[in-house]
Amino acid sequence: MFTGLIREIATVKSYQNNILTIQSKHPAKLGDSIAINGVCLTVIKVNSDGFDLELADETRSIIDESKISGKVHMEPAMMMNDRFEGHIVQGHVDCVGTVTQIIPRENATDFIITVDKKYIAHIIPKGSITIDGISLTVNDVGVDSFRLTIIPHTLKETLMKNYKVGTKLNIETDVFARYIDHILAHRSAKKSMSWDEIDNMQMTY
């Protein structure tokens, strides 16, 4: 599990044969879970200046592979004794969105992001969403888009300052919205569900 609070802007050294090599100051260990631009990956090799991660076919079929080049957001998985901040983030990308508008405000910047309509049900006004690994709060939700208001500190400390109209984004929707939608969809197919069945569904995420 992650918090969506970016710990470092790391650098992609190479990406070939499904192996992603990251240059980072983070002292990774073999088997660690690390989110790169919001994608949870496993460390398969530790190098003197970073670590290697492997991308499965399923992961590559969902994300925009342009998001694993150049500078990237990096967050190691939470530890049991960590202070809980940000939101609950799994590192499971649901879809790729696109920046369609950037609107400067007096002390913030609005980003309008478009996604496939089928994901809108899991994007909740005033709920949480994860954009390239950054945990953010949704302001408004439309038919196929949503609005984020980004404060100057977030722009300064993340790669969002480089986003332009047309930028592709890894998006993870609200985990609780996904749970509820999944449970209700199954309940509509059956008269009732046992707690064992609900627990089993939650374990699949």
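The values are calculated or read from the model by the stated rules, or taken from the named source; none is laboratory data. Since the model is a prediction, treat every value here as computed from it, not as a measurement. Positions of Cβ are backbone-derived with ideal geometry, glycine not excepted, and every protein chain shown enters the neighbour counts.
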- Note: among LYS156, LYS164, just one is surrounded by fewer than 18 Cβ atoms within 10 Å (Cβ to Cβ), of a type in the set (D, E, K, R) and part of a loop (DSSP other than H, G, I, E, B), namely LYS164
- Query: So which residues in the stretch 13-45 are more than 13 Å from LEU55 (Cβ to Cβ), without any contact (Cβ under 8 Å) to a residue 40 or more places away in the chain and hydrophobic (A, V, I, L, M, F, W, C)?
  - Reply: LEU30
- Task: Tell me which residues, restricted to the stretch 29-42, are out of contact with any Pro (no Cβ under 6 Å at 6 or more places or on another chain), crowded, with 21+ Cβ neighbours inside 10 Å and among the hydrophobic types (A, V, I, L, M, F, W, C).
- Result: ALA35, ILE36, VAL39, CYS40, LEU41
- Note on the structure: Note on ALA177: of the conditions (1) under 23 Å from LEU41 (Cβ atoms); (2) within 16 Å of the chain's Cα centre (by Cα); (3) not hydroxyl-bearing (Ser, Thr, Tyr), unmet is (1)
- Task: Tell me, yes or no, whether the stretch 47-65 has at least one residue that is closer than 26 Å to PRO152 by Cα and either among the acidic types (Asp, Glu) or surrounded by 12 or more Cβ atoms within 10 Å (Cβ to Cβ) (or both).
- Result: no
- Applying the selection to the stretch 118-144, what residues are modelled with pLDDT of 95 or more, in a loop (DSSP other than H, G, I, E, B) and surrounded by fewer than 20 Cβ atoms within 10 Å (Cβ to Cβ)? GLY142, VAL143, ASP144
- Note on the structure: In the stretch 52-69, residues that are without any contact (Cβ under 8 Å) to a residue 60 or more places away in the chain, touching an Asp or Glu at 6+ places or on another chain (Cβ under 8 Å) and either assigned by TED's automatic domain parsing to the domain that holds ASN170 or within 19 Å of THR11 (Cβ to Cβ) (or both) total 0
- Message: Just checking, does the stretch 149-157 include any residue being within 17 Å of GLN90 (Cα to Cα) and in contact with a Ser or Thr (Cβ under 9 Å, 6 or more places away or on another chain)?
- Response: no
- Message: I'm checking my understanding of the structure. Among residues of the stretch 140-159 that are of a type outside the set (Val, Ile, Thr) and in contact with an Asp or Glu (Cβ under 8 Å, 6 or more places away or on another chain), which one is nearest to THR173 (Cα to Cα)?
- Response: PHE146
